[in-house]
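Quick notes on the structure that follows.
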Amino acid sequence: MSPDRRDFLARSGKLLILTGAAQVAFDSLLSGEPERAPNYRTSDHWWAMIIDVEKCIGCGNCVRACKEENDVPREPFYFRTWVERYHVPGGLSEQPQVDSPNGGYDGFEEKYPPGDGSKSFFVPKLCNQCSNSPCVQVCPVGATFDSPDGVVLVDRKYCLGCRYCVHACPYGCRFIDPRTRTVDKCSLCYHRITRGLTTACCETCPTGARQLGDLKNPRDPIHEYLRTHKVQVLKPQMATGSKTYYNGLDGSVR
Amino acid sequence: MGALFGHREHLVRVAALFAAGLVVFLFLQALLVPQDFGVYGHYRAGALDDNRARPLAHAGRSTCVECHTDVQEAAKGGRHEKIGCEACHGPLARHAEDPSTTKAVRPDSRVLCRRCHATNVARPVRFPQIDPEEHAGKEACVTCHTAHNPGAEKGGENKGATR
């Protein structure tokens, strides 16, 4: 081994490492900011949703509006949001009867007789926009991800349709779109909230049972709401960091 | 040691093979992984813009009342004042863009009103509910009620909600 060769190897090794670092730096310079919408900065927002179970009347407006807004297949079993009816005989939380005819798309016909000693209520469901989402953790290709403003989004161009995330979601919020064979889910109307509009479900909810909130905006009424109401997330034992807060949630809700 | 350097030629061949493999890998990686992958995390930064680029279906209440100030005025102070227009009239972003080509369809009050106001034990107790047949027979709701301001009835007796 001549010292010349050792010197050469050391030099070229350093050069390789430095070129790699320079390339990474250069790449991030070239790609620039993703914000092409002028007044929207992802770093200024952290989106969340409030569901007031005591205000939901089960009209199905949110389900219909969501399908229209997000081009969700009209057949049953494809939902970005849906409404469940809970019927708890004798008020015993262990044995709830749950139904959701067509996801609540056509509203709910009266099914249970009044005054039979049971309690009934509606629970709207949607993606919980977890900050520690199981679905993001299992995606093998980075096609589903937490956006910098706190929304779990899907990259349709990158999705393989492997269904890992469909299994991983503890809330059953994901489905495979039969037309594209890629996964789809509630995007919290990302195309609307980034333009200063509210989501389609909040826009059409007649009783204000759904409210979009921005946790990074100090003037957003969501802070006052969370302070003054006893809220709960779904399946807190899963430690998903859900950002969909339910007011008046019954213990029987799964 | 002597034996190792005796096979120097073999080692060089293996090293060359590895180097060639590395070059092919780096080339393919540069070719296949998008430029913006990994800028914010383990995903394509451009996917944010893709999600943002979807077209709107619902224009939103603030857009509706830019033209329909009369309806906004009529609903003022009423129980339906805060309800979004598209909650009943459906998605109308295309109408808002070009009102001449896309028109809103007047909803059938017999179908529309009962979605919210037909008696259902699962609804909140204080929410106004009626049995449509018992309450009005086959009459359309708008015969007596003003949809945009149901508190201000069109004459006649206000039967009120049963629950």
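None of the figures in this text is laboratory data; all of them are computed from the coordinates on show. This structure is a prediction, so every number in the text was calculated from the model and none was measured. Here Cβ is always computed from backbone atoms with ideal geometry, including for glycine, and neighbour counts include all displayed protein chains.
The figures follow:
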{"read-out": "C-alpha center-to-center spacing [the range A:121-146, the range A:203-220] in angstrom", "value": "20 Å"}
{"read-out": "A:VAL63, B:VAL39 arranged by Cβ crowding within 10 Å, fewest neighbours leading", "value": "B:VAL39, A:VAL63"}
{"read-out": "Size of charge dipole - the protein assembly as shown - debye, nearest 20, with Cβ of Lys, Arg +1 and Asp, Glu -1, no other charges", "value": "780 debye"}
{"read-out": "Chain A: angle of helix A:61-70 to the longest principal axis, Cα-based, in degrees nearest 10", "value": "30 degrees"}
{"read-out": "Eligible lysines near B:LYS138 by straight Cα distance, threshold 21 Å, same-chain separation 8 or greater", "value": "B:LYS154, B:LYS159"}
{"read-out": "Under 14 Å from A:LYS216, Cα to Cα: aspartates and glutamates that are on another chain or at least 8 residues apart", "value": "A:ASP44, A:ASP149, A:GLU224"}
{"read-out": "Distance-filtered residues of the range B:76-111 - backbone nitrogen under 17 Å, label point 7 angstrom along B:ARG54 Cα→Cβ", "value": "B:91-94"}
{"read-out": "Computed label-point distance, nm, for sites A:LYS235 and B:GLN72 using a 7 Å Cα→Cβ extension", "value": "4.3 nm"}
{"read-out": "Mean residue ellipticity (222 nm) of chain A, computed from DSSP H runs ≥ 4 via -39,500 (n - 2.57), nearest 500", "value": "-7500 deg cm²/dmol"}
{"read-out": "Among the listed pairs A:LYS67/A:LYS185; A:LYS243/B:LYS82; A:LYS119/A:LYS185, those beyond 20 Å (Cα-Cα)", "value": "A:LYS243/B:LYS82; A:LYS119/A:LYS185"}
{"read-out": "Length-normalised contact order of chain B in % [C-alpha pairs under 8 Å, at least 6 apart]", "value": "18 percent"}
{"read-out": "Relative contact order of the range B:55-104, defined on C-alpha pairs under 8 angstrom at six or more residues apart (%)", "value": "47 percent"}
{"read-out": "Most mobile listed residue (B:ALA47, B:ALA140, B:ALA30) in chain B, GNM with C-alpha springs under 10 Å", "value": "B:ALA30"}
{"read-out": "Under the Karplus curve 6.51 cos²θ - 1.76 cosθ + 1.60, θ = phi - 60°, whole-Hz ³J(HN,Hα) for the range B:129-134, x wherever Gly or Pro sits", "value": "9, 9, 8, x, 5, 5"}
{"read-out": "Simple spin-label estimate for A:THR228 and A:PHE8 in nanometres, 7 Å along Cα-Cβ", "value": "7.8 nm"}
{"read-out": "In degrees, nearest ten, helix A:3-31 long axis to first principal axis of chain A (Cα)", "value": "40 degrees"}
{"read-out": "Most fluctuating residue given options A:LYS216, A:LYS14, A:LYS125, as computed from a GNM of chain A linking Cα atoms under 10 Å", "value": "A:LYS14"}
{"read-out": "Listed residues B:GLN129, B:THR143, A:CYS169: farthest to the positive end of the dipole of the protein assembly as shown (Cβ charges)", "value": "A:CYS169"}
{"read-out": "Ranked A:ILE176, A:ILE51, criterion: other C-beta atoms within 10 Å, fewest first", "value": "A:ILE176, A:ILE51"}
{"read-out": "Length added when fully stretched, A:ARG156-A:ASP116, from 0.36 nm per residue minus Cα-Cα", "value": "9.6 nm"}
{"read-out": "Sequence ranges A:182-189, B:79-86, ranked by mean other-Cβ count within 10 angstrom, highest first", "value": "A:182-189, B:79-86"}
{"read-out": "Hits among aspartates and glutamates - C-alpha to C-alpha of A:LYS111 under 15 Å, sequence gap 8 or more where chains match", "value": "A:GLU84, A:ASP99, B:ASP131"}
{"read-out": "Whole-number percent relative contact order across chain A, with pairs defined as alpha carbons under 8 Å at least 6 apart", "value": "26 percent"}
